[in-house]
Amino acid sequence: MRDQLTIRRPDDWHLHLRDGPVLRDVLPYTARVFGRAIVMPNLSPPVTTTAAARAYRDRILAALPDGSDFTPLMTCYLTDETQSGDLIAGYRDGVFAAAKLYPAHATTNSAGGVTDVHAIMPVLEAMCEAGMPLCVHGEVTDAAIDIFDREAVFIDRVLAPLLDRLPDLRVIFEHVTTRQAVQFVDDGPANLAATITPQHLHLNRNAMLVGGIRPHTYCLPVLKREEHRLALRRAATSGSLKYFLGTDSAPHLRATKESACGCAGIFNAPQALESYAAVFEEEQALDRLETFASVAGALFYRLPLNTGTVTLRREPQQVPGEIAVAEETVVPFHAGETLRWRITPA
Ligand code: NCD
Ligand code: ZN
């Protein structure tokens, strides 16, 4: 049994950093471990222009602890009004690494998202032409579709037709949660990839609903049945370059989670890599953690691999029950549990 694992410095290909005092308090957890992160644009108001993304990037860089070596990779929140001129110029200028498709009302701060992909087809065509990656929140929002089926239905109704129409579009199917999504990505072209969160590798929907309703395990896409979790674990640990690390760390203050209408999102940034390491070890795939965490995503985004390393040591680590954020608290993923691995030096 190995006691230490050194891997190339990882990246987080899906992260919510928020803004203001929350940004200041959550950013250090990511910057400590990850070289880069794809920063989600679902602020209120969302980041919809190159100018807004530059300003947000500046606020992130200003919030970094001294001595950090961390690069935020910005994304553009697509709306029905997105202009391809500004978007593609922002990509060519190195401001945007990708654009994000939120179906309108699919998740937190997505009310201004895209009502119908056909409405933005010229923008998607321009992205395809420019080679600009598209990050997709893959759930339909049709009220008639059961929330547990929304990802699978999205594949049939939106994603498959989109890839048929634009076969060269570089698409990241984000935070996949179902065996149908894994099957679709496995069978798809090399320009289709997916991110997987730690929570969807650790938990099925029982964790959210058995013995009481547990708001800190509630995120979107919602946790699914065990068969889906097992499919995700096989995909993440397979060594395939189509799957990479994207935490979807999404902090919400405790009171907004523990509520009659609690927010969706799990704050996993503080122990994200250790959480993934536990899964890879359980799947006897620790030797593939580096591909998933530090190689596959950079290759897909056509960015250089990070140069530094991170070392994990087998040493029990108790996760705190809550973490101070913006003069309040956030309950992190694995709160109160003991994880087997710890990043060293701590
Ligand atoms: C995210 C958030 O809070 O911004 N929540 C979540 O449950 N994942 C939004 C998202 O990525 O869907
Ligand atoms: Zn997200």
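In table form, for the structure just shown:
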read-out: Residues of segment 321-346 that turn out to be touching a residue at least 24 places away in the same chain (Cβ under 8 Å) and under 17 Å from Ala250 (Cα atoms), as a count; value: 13
read-out: Where Leu169 falls short, out of the listed (1) farther than 26 Å from Asn268 by Cβ; (2) assigned to a helix (DSSP H, G or I); (3) in contact (Cβ under 8 Å) with a residue 24 or more places away in the chain; value: (2)
read-out: Thr108, sole failed condition from (1) within 16 Å of ligand 2 (Cβ to nearest atom); (2) in contact with a helix residue (DSSP H, G or I) (Cβ under 8 Å, 6 or more places away or on another chain); (3) among the polar types (S, T, N, Q); value: (2)
read-out: Residue among Ala37, Ala99 that alone is within 30 Å of Ile343 (Cα to Cα), within 15 Å of ligand 2 (Cβ to nearest atom), at pLDDT 95 or above and of a type in the set (A, V, I, L, M, F, W, C); value: Ala37
read-out: Candidate set from segment 251-270 (those that are out of contact with any strand residue (DSSP E or B) (no Cβ under 6 Å at 6 or more places or on another chain) and aliphatic (A, V, I, L, M)); member that is nearest to ligand 1 (Cβ to nearest atom); value: Ala264
read-out: Which listed residue, of Gly113, Gly138, is open to solvent by less than 60 Å² (accessible area, probe 1.4 Å), within 15 Å of ligand 1 (Cβ to nearest atom), closer than 27 Å to Val47 by Cα and at pLDDT below 95; value: Gly113
read-out: Helices (runs of 4 or more DSSP H) within segment 204-298 that include 3 or more residues open to solvent by less than 40 Å² (accessible area, probe 1.4 Å); value: 226-236, 272-282
read-out: Scope segment 116-135; condition outside any helix (DSSP H, G or I), away from ligand 2 (no atom under 15 Å from the Cβ) and crowded, with 17+ Cβ neighbours inside 10 Å; matching residues; value: Met132, Pro133
read-out: Boolean, Asp164 is part of a loop (DSSP other than H, G, I, E, B) and among the acidic types (Asp, Glu); value: no
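The values are calculated or read from the model by the stated rules, or taken from the named source; none is laboratory data. Small disclaimer: the values here were computed from a predicted structure and weren't measured. Cβ: placed from backbone, ideal geometry, glycine included. Neighbour counts: every protein chain shown. The accessibility values were calculated without ligands, DNA or RNA, using every heavy atom of the protein model including side chains. Shrake-Rupley method; radii C 1.70, N 1.55, O 1.52, S 1.80 Å.
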